[in-house]
1. Report the residue count in region 175-226 for those that are within 13 Å of residue 286 (Cα to Cα), of a type outside the set (D, E, K, R) and open to solvent by less than 30 Å² (accessible area, probe 1.4 Å).
2. Does region 452-463 contain any residue that is open to solvent by 10 Å² or more (accessible area, probe 1.4 Å), over 24 Å from residue 308 (Cα atoms) and of a type outside the set (Ser, Thr, Tyr)?
3. Sort out which residues of region 235-252 are in a loop (DSSP other than H, G, I, E, B) and open to solvent by 40 Å² or more (accessible area, probe 1.4 Å), and write them in order of number.
4. Looking at residue 359, is it at positive phi and free of Cβ contacts under 8 Å to residues at least 12 places away in the same chain?
5. Check residue 153 against each of (1) open to solvent by less than 20 Å² (accessible area, probe 1.4 Å); (2) under 38 Å from the mean Cα position of the chain (by Cα); (3) at pLDDT 95 or above and name the one condition it does not meet.
6. Any residue that is touching a strand residue (DSSP E or B) at 6+ places or on another chain (Cβ under 6 Å), closer than 19 Å to residue 390 by Cα and assigned to a loop (DSSP other than H, G, I, E, B) - is there at least one of those in region 449-457?
7. Looking at region 181-200, I want the residues that are on the phi < 0 side of the Ramachandran plot and have a partner that is outside any helix (DSSP H, G or I) and basic (Lys, Arg) with Cβ atoms under 8 Å, at least 6 apart or on another chain. Which pairs are those?
8. Would you call residue 355 farther than 22 Å from residue 319 by Cα and among the aliphatic types (A, V, I, L, M)?
Amino acid sequence: MNKSLRYIALLAILPLFTAGLATDTISDAFALKSKGTSTSQYGSSTGICGLDLCSNYPGGRAGWEADQGSQVAPVAPVEEKHMEEKHMEEKHMEEKHMEEKHMEEKHMEEKHMEESMKMEDAMMEKDAMMEKDAMMEKETEANMGTELRLSRTNVPATIPLHQGYYDGGDVYYIITDSSEPKHAEIITEQQGWKVELAPLLKNTPADALSKVYLFTNGIEGSGIHGYQGQVFTSTPAQADVYSALTAHVHVMWNEGASPRVLDSEAMIMKAAENKEITLTEINVVLNMPQIVWPEGQMMVKEDKTLTDDTPYGGGQILDIDTEEMNVTFIAHRGWGPDGRTIYYIVTDATPSGPAGMMGVVSSPTSASLIANSAAVDLYQFKNGMAGTGPLGFQPGIAVGAPGDANYSPMWRIFMIGWENPADAQLLETIDDINAYKEAGLINIGIARPMDSDHIVNCPFIDPFQ
């Protein structure tokens, strides 16, 4: 019993003893650490071998590693494998980059070759075009000289129509020129369109004139003086006597007479015999080309599209409007004597061949002007520089223009030919013509188509008024 009690007492005291030892050991460790004592058993330099301190393992860390080496399988060198994979990836990327660079260089080389071929083709095409142009230029120079194209060569010109009578029928006509300033002013104001003063027309011989009657009182109307319409004694249907140039007789109703419309020369003569009217010849010549007459009208051009290359043939009129009372002509561009721009229309001509070609009225009576001062010279070209003139060469040059004392709408045509068409130059003035004629570079001759005297009625107008 006593032995058992002693054993139990020993067991009770043992834990107290162990705790004391642990407390002393921890106190000693903190004391050493607080003094900064370097020790192989404590601090950051203390090794761990498994679950214990290496200092408590037999043989220390070396012994523990030796024991571990005999029990644990070697670990594969992960770092070396990773480095090898990275190296392979970099090598693959480098090869891919080199391949892409090669492809890019190949593409650039192909593109460069393609551009080079295009440039070569373009150069060959350019050379071919230059060669073609040179051949065309050489041919042009050899045949007809340099080409000249004026702008606005052909433009529309709308002119007021007047209504009159012939033998009881209606006549529609225009008034473009007057030999006397008073009538030029009166008609300009009345029709709202400029009548040009052409003093030379007063020299027109009688056989180149038609007679027209103008009323100065009586029945109000659209006539020149505000009364009934004019009465004509001929139309283009009577070609042997018709003329656009007209001599005038004033008709005045006498006091006590009963005014009425007289629409023929026969009616006028009858009223004069009855002493109802007084007839007075006046010293004025008007250019009054007829557009519509009882038996017909002037030709209207089928193709109404105007360009700088519109030919002279096929008519000179684009439209006739007897309701709005106007007619639209083609106005052609040319030069005055000093090089100024002029525009003209064509209404009639002689002989019949050129008249038919241009699509205008044939007027044989105009032939009597060939040596008369009522007609003036207009120069056209039959070779040389290709252009917009009536024969396909440069435009013509007139010796007079509106505002000049020697202006007339009746033109005596002369033809200019270059001795060598390759030497052709642009001529713009009468002085140019004279200089080149004196130098022997051009020849000039009067035009005689159909071996006949050639006169053209070409009133100069302002198409933009």
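The values are calculated or read from the model by the stated rules, or taken from the named source; none is laboratory data. All figures in this text were calculated on a predicted structure; none of them were measured in a lab. Quick reminder, even Gly has a Cβ in these numbers, built from the backbone with ideal geometry, and neighbours come from all protein chains shown. When the accessible area is computed, the model is the full protein with side chains, heavy atoms only, and any ligands, DNA or RNA have been set aside. Shrake-Rupley method; radii C 1.70, N 1.55, O 1.52, S 1.80 Å.
1. 17
2. Yes; the residues of region 452-463 include at least one that is open to solvent by 10 Å² or more (accessible area, probe 1.4 Å), over 24 Å from residue 308 (Cα atoms) and of a type outside the set (Ser, Thr, Tyr).
3. Matches in region 235-252: 237, 238, 240, 241.
4. Criteria not met by residue 359.
5. (3)
6. yes
7. 188/194
8. No, not satisfied.
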